[in-house]
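*Asks:* Before I ask anything, here is the structure I am working with.
The values are calculated or read from the model by the stated rules, or taken from the named source; none is laboratory data. All of these numbers come straight from a predicted model, not from anything done at the bench. Here Cβ is always computed from backbone atoms with ideal geometry, including for glycine, and neighbour counts include all displayed protein chains. Note: areas computed on protein heavy atoms with side chains; ligands, DNA, RNA excluded. Shrake-Rupley method; radii C 1.70, N 1.55, O 1.52, S 1.80 Å.
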Amino acid sequence: MAAKLRKGDKVIVLAGKDKGKEGVIASVDPKAGKAVVDGVNTAIRHTRQTQTDQGGRLPKALPIQLSNIALLDGNGKATRVGFREEDGKKVRFAKTTGETV
């Protein structure tokens with residue numbers, strides 16, 4: 001099955017403590033149904049100092065359920081994603097505006 005949300009997509013959070021925040025998808029794990037979104041669902045991780053890294057308390061983005069995020073359309077609103085065929089290729093499109101993603 002084709003992925004509705006992919007790395008690099010601009011999304012908005014629909015539910016949870018970060019509801020309403022926007023960010024860009026850094027990575028997607030389709031098997032677990034989760035994605036890491038920059039600046040959303042962050043936690044403080046304590047890391048040990050190394051020769052190359054300062055260490056300390058560093059914020060880290062944790063995965064969020066795919067069902068709790070939605071793609072942003074051209075108007076900056078949440079939209080669902082559909083598929084259609086254009087010039088023999090399967091492309092994603094925003095359901096609200098109809099424009100290809």
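*Asks:* Between Asp29, Asp73, Asp53, find the one with the highest GNM mean-square fluctuation for the chain; connect C-alpha pairs within less than 10 Å.
*Replies:* Maximum among the listed residues: Asp53.
*Asks:* Kindly provide the pair-distance distribution of the chain built from C-alpha pairs, with 10 Å bins from 0 and whole-percent values in order of increasing distance.
*Replies:* 15, 39, 27, 12, 6, 1
*Asks:* As an exercise, use a Förster radius of 25 Å and the Cβ-Cβ distance of Leu62 and Ala3 to find the FRET efficiency, rounded to the nearest 0.05.
*Replies:* The value I calculate is 0.80.
*Asks:* Could you grab the relative contact order for segment 33-101? Cα pairs under 8 Å, six or more apart, rounded to a whole percent.
*Replies:* Relative contact order comes out at 22 percent.
*Asks:* For segment 16-73, what does the alpha-carbon gyration tensor say about shape, rounded, prolate or oblate, given a ≥ b ≥ c as the root eigenvalues, a/c under 1.5 as rounded, and a/b over b/c as prolate?
*Replies:* Judged from the Cα gyration tensor, segment 16-73 comes out prolate (a/c at least 1.5, a/b above b/c).
*Asks:* Hey, with R₀ at 25 Å, roughly what FRET efficiency would Ile44 and Asn75 work out to, going by the Cβ-Cβ distance, to 0.05?
*Replies:* 0.10
*Asks:* Accessible area per residue for the chain in Å², computed with a 1.4 Å probe and the full protein assembly in place, what is it?
*Replies:* Accessible area per residue, the chain: 70 Å².
*Asks:* What FRET efficiency would be calculated for the residue pair Glu86, Leu14, taking the C-beta separation as r and a Förster radius of 25 Å, to the nearest 0.05?
*Replies:* Given R0 = 25 Å and the Cβ-Cβ separation, E is 0.35.
*Asks:* Here's something else I'd like to know. Counting only protein heavy atoms and a 1.4 Å probe, tell me what percentage of segment 55-100's accessible area is made up of carbon and sulfur.
*Replies:* Reported share for carbon and sulfur atoms: 46 percent.
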